[in-house]
1. Relative to the present Cα-Cα distance, how much length would full extension add between Ser117 and Val245 at 0.36 nm per residue of separation?
2. What does the net charge come to around Ala52 if you take all other residues with beta carbon closer than 13 Å to its beta carbon, with K and R at +1 and D and E at -1?
3. Looking only at Gln208, Gln91, Gln152, which one moves most when the chain is put into a Gaussian network model with springs between Cα atoms under 10 Å?
4. Which FRET efficiency value, to the nearest 0.05, do you get for Asn40 and Ala149 by plugging their Cβ-Cβ distance into 1/(1 + (r/R0)^6) with R0 = 41 Å?
5. Can you compute 3J(HN,Hα) from phi for each residue in the stretch 83-97, using the Karplus curve 6.51 cos²θ - 1.76 cosθ + 1.60 with θ = phi - 60°, rounded to whole Hz and x for Gly and Pro?
6. For the chain, what is the mean residue ellipticity at 222 nm derived from helices alone (per DSSP H run of n ≥ 4: -39500 (n - 2.57); sum divided by total residues; nearest 500 deg cm²/dmol)?
7. Report ³J(HN,Hα) in whole Hz for each residue of the stretch 69-80, in order, from the Karplus equation J = 6.51 cos²θ - 1.76 cosθ + 1.60 where θ = phi - 60°; Gly and Pro get x.
8. Estimate the FRET efficiency between Glu258 and Asp176 by the formula 1/(1 + (r/R0)^6), using the beta-carbon distance for r and 51 Å for R0, to the nearest 0.05.
Amino acid sequence: AMKAWDNPAFHSEEMYASIRPSVAYIIGWCLYTGNGAGKNEAKAYEYLTKTADSDQDSVFIQRARVMCAMIDVNPENPNRNLELAATRCEQVLYSTDTDNKAVALRLLMSIYCDPTSSMKNVDKAIEFATLAVQTESEDVRKRGNDILALMQTRKDLLDRAARNDGDALMALSQDDFFASESEQYLQKAAYAGNGEAQLRMAIRYMLQENEAECFNWCQKAYNNGIRSTLATFKLGHAYGEGTCVGRNPAMAYKYLKECINIPVNGHDV
């Protein structure tokens with residue numbers, strides 16, 4: 001295959017055009033697997049791309065696209081390209097080839113379900129998981145069903161959050177899938193009236209040594225039915241010391257007495 005590829009006539013003669021993608025695939029496959037050649041993923045990608053970029057539709061072409069996508073999603077690849085990997089897999093998915101569709105679906109689900117990826121997308125994950133449950137591969141069907149259930153739950157949370165549902169916003173802030181947006185969802189949940197989110201906002205401001213905002217969110221959480229040692233102590237302390245609010249020993253006593261009766265483990269309250 002290398003001898004053919006390195007022969008200038010192989011590239012100049014039009015009669016070879018139809019088999020060039022197949023020869024490039026053979027070289028790329030050998031370099032990717034290490035069979036018949038030293039294993040070299042970067043070099044393999046170079047040849048497999050020549051096959052994947054072909055406008056022909058054959059099993060070789062679609063297999064090359066899947067292999068390119070595998071390299072593109074590899075976290076250790078310095079040139080990792082999830083967008084191109086998704087494009088390659090969709091080309092396979094909507095081609096006439098059937099042999100590589102299950103692998104393409106598995107890759108597409110991983111791309112759109114990866115919480116660390118800029119490509120994460122609940123709707124896309126549902127779309128491809130729905131197709132996955134219709135495949136003949138038992139493993140891919142199971143993966144599709146698992147992702148479909150998980151993503152549908154997240155979809156429901158997003159729909160409720162769009163209607164300013166505090167509980168849904170709080171759930172999103174605690175979901176690893178939305179880790180990069182968790183602070184944004186937490187704040188929205190707090191403003192929407194979720195008591196647990198309000199308490200977390202109080203903790204955030206306490207750590208920032210912003211006593212005024214800490215007191216403000218402790219009061220909101222307390223008024224929302226949250227009975228935590230932090231919130232009640234902070235309220236009692238503020239009224240006792242006259243910080244953030246006018247000094248009021250009676251109110252201080254009320255909150256501090258309540259605080260010492262809240263069941264806790266390992267806290268010096």
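The values are calculated or read from the model by the stated rules, or taken from the named source; none is laboratory data. As the structure is a prediction and not an experimental result, all values here were calculated from the model. Here the Cβ positions follow ideal geometry from the backbone for every residue, glycine too, while neighbour counts run over all protein chains shown. All accessible areas refer to the heavy atoms of the entire protein, side chains included, with ligands and DNA or RNA removed. Shrake-Rupley method; radii C 1.70, N 1.55, O 1.52, S 1.80 Å.
1. Between Ser117 and Val245, full extension yields an extra 41.6 nm.
2. -2
3. Gln208
4. FRET efficiency, Asn40 to Ala149: 0.50.
5. With coefficients 6.51, -1.76 and 1.60, one gets 5, 5, 4, 5, 4, 4, 5, 5, 4, 5, 4, 9, 9, 7, 5 Hz.
6. -21000 deg cm²/dmol
7. 5, 4, 5, 5, 8, 4, x, 7, 7, x, 9, 3
8. Efficiency for this residue pair is about 0.90.
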